[in-house]
Amino acid sequence: MNLPVNPSIFRKHFPAFAENDLKGWAFFENAGGAYMCQQVIDRYNHYFTAHKLQPYGQYPASKEAGAEMDDGHDSMARLLNVHVDWIHFGPSTTANTYTLAHAFGQVLNAGDAIIVTNQDHEANTGAVRRMAAEKGLEVREWQVNPATGSLEFSAFENLLDDKVKLITFPHASNIVGEINPVAEICAAAKKVGAKTIVDGVAYAPHSMPDLSALGADIYLFSTYKTFGPHQGLMAIDPELAKALPNQGHFFNDGILRKRLVPAGPDHAQIAASAGIAAYFDDIAKDLNIAAPNNGERNLFNALRDQETALLTPLIDYLKSSNKVRLVGTDDLDARVPTISMICEKPGLELARDLADHKIMAAGGHFYVYRLMEGMDVDPNHGVLRTSFVHYTEEAEIHQLISALDQVL
Ligand SMILES: Cc1ncc(COP(=O)(O)O)c(C=O)c1O
């Protein structure tokens with residue numbers, strides 16, 4: 001295998017790779033949470049040591065704290081190719097969807113319909129389904145193909161009509177890994193006047209989405225999976241953010257950033273988020289390609305190429321094995337490297353076995369309980385999931401394949 005980029009260009013920015021206790025261990029639980037880059041750690045430390053105090057105040061240290069938070073918002077807007085008014089930070093994606101479900105519940109009425117999927121992490125479907133039950137809305141479930149776990153567009157089209165007011169679906173599932181056609185789904189939704197909430201948590205670590213191209217009304221992801229702090233990022237079309245009922249304090253109604261984040265901002269983590277963009281800028285410089293900037297995609301394309309090269313031997317191995325059922329497509333361009341396998345042994349047991357070979361992986365249903373049932377897999381049996389990102393090394397992929405060979 002010839003990797004397009006030497007992974008040391010990426011790995012030097014992650015202190016975890018120099019950690020003695022982690023030496024020899026290959027990390028395949030990135031879909032659970034990626035390592036944090038130095039650029040984020042530095043900003044986090046700086047915020048706490050230089051001015052852990054109320055931001056946006058009247059004295060210099062407080063103004064500086066506010067400016068660092070603004071940098072967090074601006075940097076994420078630049079990466080996602082949207083105006084900064086789109087950017088909201090909440091405690092987690094689960095908390096953000098909970099708030100959104102509440103807000104939509106105040107504007108939707110009995111007789112309206114919503115579309116949800118059974119491929120979603122429960123975070124992107126549970127609160128909305130609960131809200132729909134309370135409000136007497138019609139719930140239409142876009143179901144996966146039970147054999148593959150894929151969401152098929154034709155099945156979605158059959159559910160869509162002008163009664164549908166809200167659609168929640170994943171950009172990629174954290175088990176299936178297949179990339180759903182977000183732009184196509186959002187365009188169809190717009191035609192009938194439905195709003196879209198896209199869960200990008202399992203996709204964003206592999207390529208920051210160009211939100212202007214995708215056309216989603218709301219796009220969510222968790223920055224602890226994109227090399228940053230433990231936060232949920234919620235990008236919302238500002239017109240929609242203004243139209244949804246205020247979920248914050250009544251006197252903050254006119255402050256867009258505060259209307260849909262009742263938890264209040266985590267100042268240091270928002271400031272530290274700017275480090276995610278700084279990491280991408282630094283590696284773009286090292287690779288001698290343009291930094292990601294308002295729709296400039298060269299870096300993210302290069303990271304995807306790196307992942308695809310790493311994925312090739314793993315998928316080849318899994319296709320040749322009669323001991324695993326690969327969940328999702330084996331088309332490398334159509335998926336992210338979150339690879340789930342249905343095996344004879346429960347996923348959790350296999351993850352334990354892999355740990356004996358210094359592989360960090362995980363097993364279970366990963367909060368996608370409804371998908372397990374939809375694929376006729378006992379959620380308690382679950383899947384074995386191995387997930388990686390662009391900083392993974394070729395040798396680690398071979399370590400995984402050799403370990404799988406022994407434990408399966
Ligand atoms: C696809 C997906 N959506 C949503 C979530 C929930 O994110 P958070 O932990 O920020 O609440 C996760 C968490 O693992 C996830 O994998």
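Note down the Stokes-Einstein diffusion coefficient of the chain in µm²/s, whole number, using a Kirkwood radius over alpha carbon pairs, 20 °C, and 1.002 mPa s.
Answer, rounded: 98 µm²/s.
Show me, for segment 89-96, the HN-Hα J-couplings you get by feeding each phi into the Karplus relation (A = 6.51, B = -1.76, C = 1.60, θ = phi - 60°), rounded to Hz, glycine and proline as x.
Going residue by residue, I get 10, x, x, 6, 5, 4, 5, 5 Hz, with x marking Gly and Pro.
For residue 358, list the lysines whose Cα falls under 20 Å from its own Cα; do not include residues on the same chain fewer than 8 positions away.
The qualifying lysines are 23, 345.
Can you run phi through the Karplus equation (6.51, -1.76, 1.60; θ = phi - 60°) for segment 11-25 and list ³J(HN,Hα) in whole Hz, with x for Gly and Pro?
Residue by residue, segment 11-25 yields 5, 5, 8, 10, x, 4, 6, 9, 6, 4, 5, 9, 4, x, 8 Hz.
Among the aspartates and glutamates, select those whose C-alpha is under 20 Å from the C-alpha of residue 12, and discard any that sit fewer than 8 residues away in the same chain.
21, 29, 42, 281, 282, 286, 305, 307, 393, 394, 396
In debye, nearest 20: dipole of the chain around its Cα centre with unit charges on the Cβ of K, R (+) and D, E (-)?
Result for the chain is approximately 700 debye, rounded to the nearest 20.
Considering only DSSP beta bridges where both residues belong to the chain, give the percentage that are antiparallel (nearest 5). Before the final figure, lay out the partial values.
On the way: 21 of 41 bridges.
Given both bridge residues lie in the chain, the antiparallel proportion sits at roughly 50 percent.
How would you order 144-150, 57-63, 338-344 from highest to lowest mean count of nearby Cβ atoms within 10 Å?
In decreasing order of mean packing, 144-150, 57-63, 338-344 become 338-344, 144-150, 57-63.
Can you give me the orientation-averaged projected area of the convex hull built on the Cα atoms of segment 298-408, in nm²?
Working: hull surface 27.6 nm².
Its average projected convex-hull area is 6.9 nm².
Pick out which of 275, 66, 177 has the largest mean-square fluctuation in a Gaussian network model of the chain, springs linking Cα atoms closer than 10 Å.
66
Determine, for each peptide in 350-362, 14-26, 377-389, the mean count of other beta carbons within 10 angstrom over its residues, then list the peptides with the highest first.
Numbers: 350-362: 19.1, 14-26: 12.9, 377-389: 22.7.
Answer by packing, highest mean first, reads 377-389, 350-362, 14-26.
About its Cα centre, what dipole magnitude does segment 44-276 give when the only charges are +1 on Lys and Arg Cβ and -1 on Asp and Glu Cβ, stated in debye to the nearest 20?
460
Can you give the % of DSSP beta bridges in segment 44-276 that are antiparallel, to the nearest 5?
Within segment 44-276, antiparallel bridges account for around 35 percent of the total.
Report, by chain and number, residues whose modeled amide H sits under 5 Å from the one on residue 335, excluding near sequence neighbours (fewer than 5 apart, same chain).
179
How about residue 165: which lysines have a C-alpha closer than 28 Å to its C-alpha, ignoring those fewer than 8 places off in the same chain?
Output for residue 165: 135, 190, 191, 195, 242, 258.
Above 15 Å lies some portion of the pair distances; for segment 45-140, what is it as a whole percent of all C-alpha pairs?
Tail fraction, whole percent: 71.
When N counts the residues of segment 44-276, how does its alpha-carbon radius of gyration compare numerically with 2.2 N^0.38 Å, as a ratio?
So the Cα radius of gyration is 1.03 times the expected 2.2 N^0.38 Å.
Distance from the Cα centre of segment 120-175 to that of segment 317-378, in angstrom?
Segment 120-175 and segment 317-378 have Cα centres spaced 23 Å from each other.
Pop out the ³J(HN,Hα) list for segment 131-148 in order, Karplus 6.51 cos²θ - 1.76 cosθ + 1.60 with θ = phi - 60°, rounded to Hz; leave Gly and Pro as x.
Running phi through 6.51 cos²θ - 1.76 cosθ + 1.60 with θ = phi - 60° gives 4, 5, 5, 5, 8, x, 7, 7, 9, 10, 9, 7, 9, 6, 5, x, 7, 10 Hz.
All of the numbers you see were taken from the coordinates with simple rules; none came from a lab. Note that the coordinates shown come from a computational prediction; the quantities given were computed from them, not determined experimentally. Every residue, glycine as well, gets a Cβ built from its backbone with ideal geometry; the counts of neighbours run over all protein chains shown.
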